[in-house]
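The values are calculated or read from the model by the stated rules, or taken from the named source; none is laboratory data. Please read all numbers here as calculations on a predicted model, not as lab measurements. Positions of Cβ are generated from backbone atoms using ideal geometry, with glycine treated the same way; all protein chains shown enter the neighbour counts.
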């Protein structure tokens with residue numbers, strides 16, 4: 001699908017990655033990649049349990 005330049009907000013996956021960055025990564029001080037991976041995994045599991053169809 002063609003998306004105009006600077007219109008990343010039209011791409012659904014961009015919104016998902018922004019949410020992951022906000023909830024799992026912003027304001028954190030992960031000391032290791034394993035801690036960061038655990039936080040991302042926890043968010044992904046939570047998100048998959050609370051998913052709704054996109055409209």
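Scanning segment 18-34 for residues that are surrounded by 12 or more Cβ atoms within 10 Å (Cβ to Cβ) and not in a loop (DSSP other than H, G, I, E, B) yields 18, 19, 20, 21, 23, 24, 25. I need a count of the residues in segment 17-43 that are under 17 Å from residue 54 (Cβ atoms) and either at pLDDT below 80 or touching a helix residue (DSSP H, G or I) at 6+ places or on another chain (Cβ under 8 Å) (or both). Residues flagged as under 17 Å from residue 54 (Cβ atoms) and either at pLDDT below 80 or touching a helix residue (DSSP H, G or I) at 6+ places or on another chain (Cβ under 8 Å) (or both) within segment 17-43 amount to 2. Scanning segment 1-15 for residues that are within 16 Å of the chain's Cα centre (by Cα) and either exposed (fewer than 10 other Cβ atoms within 10 Å of the Cβ) or in contact (Cβ under 8 Å) with a residue 12 or more places away in the chain (or both) yields a total of 2. Of the residues in segment 37-55, at least one is exposed (fewer than 10 other Cβ atoms within 10 Å of the Cβ), in contact (Cβ under 8 Å) with a residue 12 or more places away in the chain and not in a helix (DSSP H, G or I).
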